[in-house]
1. Could you list all residues from the stretch 14-37 that are at pLDDT below 95 and either open to solvent by 20 Å² or more (accessible area, probe 1.4 Å) or charged (D, E, K, R) (or both)?
2. Of the numbered conditions (1) acidic (Asp, Glu); (2) modelled with pLDDT of 95 or more; (3) open to solvent by 20 Å² or more (accessible area, probe 1.4 Å); (4) under 30 Å from LEU177 (Cα atoms), GLU83 fails exactly one; give the number of that condition.
3. Which of the numbered conditions does LEU40 fail, given that it passes all the others? Conditions: (1) more than 21 Å from SER168 (Cα to Cα); (2) open to solvent by less than 20 Å² (accessible area, probe 1.4 Å); (3) among the aliphatic types (A, V, I, L, M).
4. Can you report the number of residues in the stretch 164-174 which are open to solvent by 20 Å² or more (accessible area, probe 1.4 Å) and assigned to a loop (DSSP other than H, G, I, E, B)?
5. Does ARG65 satisfy being part of a helix (DSSP H, G or I), farther than 18 Å from THR198 by Cα and touching an Asp or Glu at 6+ places or on another chain (Cβ under 9 Å)?
6. Which residues, taken from the stretch 117-154, are under 29 Å from GLU27 (Cβ atoms), under 14 Å from the mean Cα position of the chain (by Cα) and open to solvent by less than 10 Å² (accessible area, probe 1.4 Å)?
7. Considering only the stretch 1-12, state which residues are open to solvent by 40 Å² or more (accessible area, probe 1.4 Å) and of a type in the set (A, V, I, L, M, F, W, C).
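The values are calculated or read from the model by the stated rules, or taken from the named source; none is laboratory data. Values in this document were obtained by computation on a predicted structure and should not be read as measured data. Note that each Cβ is placed from the backbone with ideal geometry, even for glycine, and that neighbours are counted across all protein chains shown. Protein only, heavy atoms only, side chains kept; ligands, DNA and RNA dropped before computing areas. Shrake-Rupley method; radii C 1.70, N 1.55, O 1.52, S 1.80 Å.
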Amino acid sequence: MMKILFDSEILSVAPQFKVIKVEATVENNLTSDALWQELLAESEKIRAAYDMPMINKRPGIAATRQAYKALGKEPNRYRSSSEALCRRLVKGMELYRTLTLIDLINLLSVRSGYSIGGFDAEKISGDTLRLGAGREGERFEAIGRGLLNIASLPIYRDGIGGIGTPTSDEERTKLTLETRRLLMCINIYGEEMPVQETIDFTTDLLIRHANATDIKIEIVSAK
């Protein structure tokens, strides 16, 4: 399995941080009607449960924002993916229908409040990821966004460079129709959805929608 190590700069601002690391062999197709209907139903629940000022008060989102602030990043300018998704829903905007793994992660993210990295494991360099803080001038091509200023953002790095932040993942290791081996990092800066419930829901989604096999899950924390 992929190893994940935490740099001291992350642990100093988020000592309770943990990540649920999920690896699986998968099929990544265009999103099915069944998965899309689940995501639409979850979207309606979010719209009914929250108004805009409440979104950043969700425990998982609030804790991620606090980590951004502690590292020196403005969370209102660089929002975590979970916050951005929920804000989009509360505004009455629809999500984009894309690929199974992407929409599955979106569903898990809006329900749990956690920002989730989804990577093609076969595109990762080496067998270890390090979670640290982004540096000034560090190149990061965010998926669908172009170059992103990742200075002071939490970032996973492989043997080549950055592959994922809570705001966006990197083009180099993104999920595509050709992805057969998934690495998912569920980032918990502060607990909202209980860990075991998150694991169970993730496993269920992967089996039902991505025909996942050889699922391996590990909780990595400083403790």
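1. PRO15, GLN16 - these are the residues of the stretch 14-37 that are at pLDDT below 95 and either open to solvent by 20 Å² or more (accessible area, probe 1.4 Å) or charged (D, E, K, R) (or both).
2. (3)
3. Here LEU40 clears every test but (2).
4. Matching residues across the stretch 164-174 total 1.
5. Details: part of a helix (DSSP H, G or I): yes; farther than 18 Å from THR198 by Cα: yes; touching an Asp or Glu at 6+ places or on another chain (Cβ under 9 Å): yes.
In short, yes.
6. Selection gives GLY117, GLY118, PHE119, ASP120, LEU131, ALA142.
7. Step one: filter the stretch 1-12 for residues open to solvent by 40 Å² or more (accessible area, probe 1.4 Å), giving 1, 3, 5, 8-9, 11-12.
Those that are open to solvent by 40 Å² or more (accessible area, probe 1.4 Å) and of a type in the set (A, V, I, L, M, F, W, C): MET1, LEU5, LEU11.
For (1) assigned to a strand (DSSP E or B); (2) in contact with a Leu (Cβ under 8 Å, 6 or more places away or on another chain); (3) open to solvent by 30 Å² or more (accessible area, probe 1.4 Å), each residue gets a yes or a no:
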| site | (1), (2), (3) |
| --- | --- |
| LEU183 | yes, no, no |
| ILE186 | yes, yes, no |
| ILE199 | no, no, no |
| ASP204 | no, no, yes |
| GLU218 | yes, no, yes |
